Amino acid sequence: MASKRPPSRVAPRRSGPSAPSRHVQDRGAGTVLAAGLVLLLCLMLTAVASVLQAGTASARAGKAADLAALAGADAARGLLAGDPCSLAAEVAGKQGAELSACSRSGPGGVVVDVRSRTALPDVFGWLNGEWTHAEGRARAGPPPGDGRSTAGRQQP
């Protein structure tokens, strides 16, 4: 007795020159896809590295401005010898920044406002000519009044 097989739902394979070869059509597609993904990954890593470098330069400019303003305020109060703005420029230079502005205000000129700049990596100049420096700003001086807070107390 011959066993009957159920009818197959898969189309029979064709062979010969008229049959389309799937392997010929897909050959190299994985290589192109992998190359595209590697290129995309490289571009993303470059963007992340650029943002991190800009953040580092900005923090360096802020740190230089803070230190320069503190040194200038100490000189304005007479705690250090010298001109406040020239001392602030010297401190900013030691931090790898340049002093772009310095002004004194307040009673007796003891409050010092400072702006400093540090250079960004060259890649930012290629992207946009205006992005060549990171800036930092700081202000330093004695506390207002005698230094004691009157917040929350009633005045007589």
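The values are calculated or read from the model by the stated rules, or taken from the named source; none is laboratory data. What you see is a predicted model, and the numbers here were worked out from it, not measured in a lab. Every residue, glycine as well, gets a Cβ built from its backbone with ideal geometry; the counts of neighbours run over all protein chains shown. In case anyone asks, the SASA skips ligands and DNA or RNA and just uses the protein heavy atoms, side chains included. Shrake-Rupley method; radii C 1.70, N 1.55, O 1.52, S 1.80 Å.
Could you run through segment 41-97 and say how many residues are aliphatic (A, V, I, L, M), touching a strand residue (DSSP E or B) at 6+ places or on another chain (Cβ under 8 Å) and outside any helix (DSSP H, G or I)?
The total comes to 1.
Restricted to segment 97-118, and to residues that are among the polar types (S, T, N, Q) and open to solvent by less than 30 Å² (accessible area, probe 1.4 Å), which residue is nearest to GLY62 (Cα to Cα)?
SER116
Determine whether ARG27 is over 25 Å from PRO142 (Cβ atoms) and either of a type in the set (Ser, Thr, Tyr) or at pLDDT 85 or above (or both).
Numbers: over 25 Å from PRO142 (Cβ atoms): yes; either of a type in the set (Ser, Thr, Tyr) or at pLDDT 85 or above (or both): no.
Criteria not met by ARG27.
In segment 128-156, what residues are open to solvent by 80 Å² or more (accessible area, probe 1.4 Å), among the aliphatic types (A, V, I, L, M) and either modelled with pLDDT of 60 or more or part of a strand (DSSP E or B) (or both)?
none
Looking at GLY125, is it touching a Phe, Trp or Tyr at 6+ places or on another chain (Cβ under 9 Å) and either open to solvent by less than 60 Å² (accessible area, probe 1.4 Å) or at pLDDT below 90 (or both)?
yes
Note down all Cβ pairs under 9 Å where the first residue falls in segment 81-98 and is in contact (Cβ under 8 Å) with a residue 24 or more places away in the chain and farther than 16 Å from THR118 by Cβ, the second is in a loop (DSSP other than H, G, I, E, B) and open to solvent by less than 30 Å² (accessible area, probe 1.4 Å), and they're at least six residues apart or on different chains.
If the second residue must be in a loop (DSSP other than H, G, I, E, B) and open to solvent by less than 30 Å² (accessible area, probe 1.4 Å), the pairs left are PRO84/VAL110.
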